[in-house]
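First up is the structure itself, then whatever we jot down about it.
The values are calculated or read from the model by the stated rules, or taken from the named source; none is laboratory data. This structure is a prediction, so every number in the text was calculated from the model and none was measured. Backbone-built Cβ (ideal geometry, glycine too); neighbour counts: all protein chains shown. Heavy atoms of the whole protein, side chains included, go into the accessibility calculation; ligands, DNA and RNA do not. Shrake-Rupley method; radii C 1.70, N 1.55, O 1.52, S 1.80 Å.
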Amino acid sequence: TTPLKLPPNRSQQMLYQLVYSSVATEAMPKTKLYKILHGARAANAIASVTGLLVFAEGKFLQVLEGQKEVVCALMQKISMDHRHNNVRVVTEQAIDARIFPSWKMAYVSTNASELAAWAGLRSTTTIEDTLACLTADPARVPNILQHLLGAIREP
């Protein structure tokens, strides 16, 4: 007799990507950002989460990738973190492959005009305007992610 093979649990195997923005509630000098990155990278290595953190002019844009349940739980934790407010999910979706597979948490520092250009926006001049446009039109997110991927230095 052949042993019964059960299909894998799709919800546990599904890769998921979530992009959110938020506003820092306190000053974020590089030393504080690097401390956040160090902690995130250690926790993400254990949870098999990859992604990218962008910090510009007091605003965060973050990409999280991993199993859906893990990413959603992490997002819940982030939304309650006192270092953020005005947390908004820009886009979330099932993905076939990670965009940042070798990064437990990459980091890019940019400015408003560069982020707007990457999003294909010519009329926005502030981070707030760019993030509002991304939330209203999430189809712009993949283009930004491609540019951010190019801006990352290899680990």
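For this structure, a couple of remarks:
- Residue within the range 96-119 that is over 22 Å from residue 33 (Cα atoms) and of a type in the set (S, T, N, Q) present: no
- Taking the criterion of being open to solvent by less than 20 Å² (accessible area, probe 1.4 Å) and touching a helix residue (DSSP H, G or I) at 6+ places or on another chain (Cβ under 6 Å), the residues of the range 102-118 that qualify are 105, 108, 112, 115, 116.
- Residues of the range 14-41 that turn out to be under 15 Å from residue 74 (Cα atoms) and either among the small types (Gly, Ala, Ser) or open to solvent by less than 70 Å² (accessible area, probe 1.4 Å) (or both), as a count: 12
- For residue 123, the stated conditions do not hold, so it cannot be described as without any contact (Cβ under 8 Å) to a residue 60 or more places away in the chain, touching a Pro at 6+ places or on another chain (Cβ under 8 Å), surrounded by fewer than 17 Cβ atoms within 10 Å (Cβ to Cβ) and not aromatic (Phe, Trp, Tyr).
- Any hit, the range 1-10, residues being modelled with pLDDT of 95 or more and either of a type in the set (Val, Ile, Thr) or under 21 Å from residue 145 (Cβ atoms) (or both): no
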